[in-house]
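Before any comments, here is the structure.
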Amino acid sequence: MEKMKKEQERKLEYELIRSNRKSLALQVKEDGSVIVRAPLRITERRIETFAADHWEWVEKQKQRISRQRENARRITGEERQEGFQKAKEIIPRRTAYFAARMGVSYGRITIREQKTRWGSCSQKGNLNFNWKLVLMPPELLDYVVVHELAHRKEMNHSPSFWAVVEKELPDYRKRREELKIRGREFI
């Protein structure tokens, strides 16, 4: 009876996404919802067992997300407006500076408020940056700019890509780690 009760408590609600993949994977999204990604031919029972076996991990991820939300810095409308303006001045200037140093060109720069990205680079060379970068120390903003410009030479995250980043920022690993930590403050 006790074991059956525990199994019921550990039942996970999740969205199932089947695709042409080889393994099962779990994802806990920022809103706390859970996604199970599964190969096309795997049985429902195997998927349910997999989800139940990872119940504790999912709960830890949900708790981590909850703590991050509690500790997140709330941004006022005024701060957002001022931040966008500041970003529209600083980011294009830093991008032009590093592009010249790295010998790369780029297209349009767009400043946005993405929830999960600090920057991106399209195939056409257009760059997107999160305005919240101006709330970070300048060396972290520079890291994101260099990272995106490096995609103008390598549109992937291969060793060649990281070599381009490292050539410009030898301490990029430290900056990347700090961005992961500091970035959690701005949900």
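Quick note: the coordinates plus some simple rules give every number you see, no bench work behind them. Since we're looking at a predicted model, the values are computed, not measured. Every residue, glycine among them, receives a Cβ derived from its backbone with ideal geometry; neighbour counts consider all protein chains shown.
Please compute the Kirkwood hydrodynamic radius of the chain from all pairs of different C-alpha atoms, in Å with one decimal.
Result for the chain, one decimal place: 19.3 Å.
Please give the peptides 113-123, 14-24 ranked by average Cβ packing (other Cβ atoms within 10 Å per residue), highest first, as a rough proxy for protection. Walk me through the numbers before you get to the answer.
Working: 113-123: 14.3, 14-24: 11.5.
The packing order, highest mean first, is 113-123, 14-24.
Which percentage, to the nearest 5, of the DSSP beta bridges contained in the chain is antiparallel?
45 percent
Starting from 0.36 nm per residue, how many nanometres of slack lie between THR43 and ARG67 once their C-alpha separation is accounted for? Write out the running numbers ahead of the final one.
Values: separation 24, 0.36 × 24 = 8.64 nm, distance 3.49 nm.
Separation in residues times 0.36 nm, less the Cα-Cα distance, equals 5.2 nm.
Could you sort 80-89, 59-68 so that the peptide with the highest average Cβ count within 10 Å comes first and the rest follow in order?
Result, highest mean first: 80-89, 59-68.
In terms of the ratio Rg/(2.2 N^0.38 Å) built on C-alpha atoms, what value belongs to segment 77-183?
Working: Rg = 13.0 Å, N = 107, 2.2 N^0.38 = 13.0 Å.
Cα-based Rg divided by the globular estimate yields 1.00.
Any idea how far apart ILE75 and LYS153 come out in nm if each label point goes 7 Å out from Cα toward Cβ?
Label at ILE75, label at LYS153, 3.0 nm between them.
Bin by bin, in steps of 5 Å, what percent of the Cα pairs in segment 2-71 do you find, going until the bin that has the longest distance?
Values per bin, smallest distances first: 3, 16, 25, 21, 16, 11, 5, 1, 0.
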